[in-house]
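*Asks:* Quick one: the structure is below, questions incoming.
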Amino acid sequence: MSDTGVSVVKEAEALDARCTLRGKAARLIQGLSSRCAWVERGLVAVFVAAIFALILLNIVTRAVNRPIMWVDELSIYLMVMTCFVGTSLTVRQRLDFAMTLVLDHLSAARLATARKLLSLVGLAYAVFIVWCCWRMFDPLGLWQSGFDVAKFTARTMNFMYSEPTQTLGIPKWIIYLVMPVYGIGLSVHALANLAEDLGWVRPAAASEETITLEAG
């Protein structure tokens, strides 16, 4: 075999290896996204059930003139947390709100390109959210302060770890934990969507959970 033939064979083998590695990485991300979606579905179900129970409790306690002050605040926090976790889940299921005025008039090739760009923008947004969470929680700063909340607050003027909620009396950082959960989940889902749009892995088949979400 000539040197040119050997070179072509080596290039083909190298390309094959890269494609195989890329496919494995894409399938790994897709599997991780499925597991994240499973956790998010569970969280949404728990949050919704808790909100329903709190509303009933509020009705009963107000009817007997014994209202519980923290019920309203906890219900609001749970609704906000449900929105964040549910939004991450709908991104993976591709059920999130979208303006399709332009997309509906694109050819198949241009539509595929537009979907790739949209997935890339979604990934950039998810990474930005994770970065904002890192800045907000500032784990390095907390570690440098010896996990002393008072020292951390005085040094950084970040009151997140010391400021309590109004009626629950718990630190607000516990409530804010939903933000990194949202950011990480969104990043994983955006990566999985982008891998599918780029053709690195077959799109996940419509599952029973997807059908349930669409029906709801």
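The values are calculated or read from the model by the stated rules, or taken from the named source; none is laboratory data. Please read these numbers as outputs of a predicted model, since none were measured by experiment. Ideal geometry is used to build each Cβ from the backbone, glycine not excepted, and the neighbour counts take in all protein chains shown.
*Asks:* Could you figure out which of (1) at pLDDT below 90; (2) touching a strand residue (DSSP E or B) at 6+ places or on another chain (Cβ under 8 Å) isn't true of LYS172?
*Replies:* (1)
*Asks:* Now, a different point. Output the qualifying pairs, or none if there are none: Cβ atoms under 7 angstrom, residues six or more apart or on different chains, first residue in region 58-74 and in contact (Cβ under 8 Å) with a residue 12 or more places away in the chain and closer than 23 Å to PRO171 by Cα, second residue among the aliphatic types (A, V, I, L, M) and assigned to a loop (DSSP other than H, G, I, E, B).
*Replies:* Pairs that qualify, where the first residue is in contact (Cβ under 8 Å) with a residue 12 or more places away in the chain and closer than 23 Å to PRO171 by Cα and the partner is among the aliphatic types (A, V, I, L, M) and assigned to a loop (DSSP other than H, G, I, E, B), are TRP70/LEU168; GLU73/LEU168; LEU74/LEU168.
*Asks:* Could you say whether any residue in region 64-81 is exposed (fewer than 14 other Cβ atoms within 10 Å of the Cβ), farther than 26 Å from PRO164 by Cα and hydrophobic (A, V, I, L, M, F, W, C)?
*Replies:* Taking every residue of region 64-81 in turn, at least one turns out to be exposed (fewer than 14 other Cβ atoms within 10 Å of the Cβ), farther than 26 Å from PRO164 by Cα and hydrophobic (A, V, I, L, M, F, W, C).
*Asks:* Under 6 Å between Cβ atoms, which residue pairs at least 6 apart in sequence (or on different chains) link something in region 127-156 that is within 26 Å of ALA192 (Cα to Cα) with a partner that is among the aliphatic types (A, V, I, L, M) and assigned to a helix (DSSP H, G or I)?
*Replies:* The qualifying pairs are CYS133/MET179.
*Asks:* Filter region 94-131 down to residues that are closer than 13 Å to HIS189 by Cβ and of a type in the set (Gly, Ala, Ser) and give me whichever is surrounded by the fewest Cβ atoms within 10 Å (Cβ to Cβ).
*Replies:* GLY122
*Asks:* Right, something else. Please tell me if ALA26 is among the hydrophobic types (A, V, I, L, M, F, W, C), in contact (Cβ under 8 Å) with a residue 60 or more places away in the chain and assigned to a helix (DSSP H, G or I).
*Replies:* Against the criterion (among the hydrophobic types (A, V, I, L, M, F, W, C), in contact (Cβ under 8 Å) with a residue 60 or more places away in the chain and assigned to a helix (DSSP H, G or I)), ALA26 qualifies.
*Asks:* Between residues in region 158-175 that are in contact (Cβ under 8 Å) with a residue 60 or more places away in the chain and part of a loop (DSSP other than H, G, I, E, B) and residues that are surrounded by 15 or more Cβ atoms within 10 Å (Cβ to Cβ) and basic (Lys, Arg), which pairs lie under 6 Å by C-beta distance while being six or more apart or on different chains?
*Replies:* From region 158-175, the pairs are THR165/LYS172.
*Asks:* How about region 54-93: which of its residues are under 24 Å from SER187 (Cβ atoms) and polar (S, T, N, Q)?
*Replies:* Once the filter is applied, which keeps residues that are under 24 Å from SER187 (Cβ atoms) and polar (S, T, N, Q), region 54-93 yields THR82, THR87, SER88, THR90, GLN93.
*Asks:* Which residue pairs have Cβ atoms under 6 Å apart, sit 6 or more places apart or on different chains, and have a first residue in region 180-204 that is closer than 14 Å to GLY23 by Cβ and at pLDDT below 90 and a second that is of a type in the set (A, V, I, L, M) and surrounded by fewer than 21 Cβ atoms within 10 Å (Cβ to Cβ)?
*Replies:* Listed pairs, sorted by first residue: TRP200/ALA26; VAL201/ALA26.
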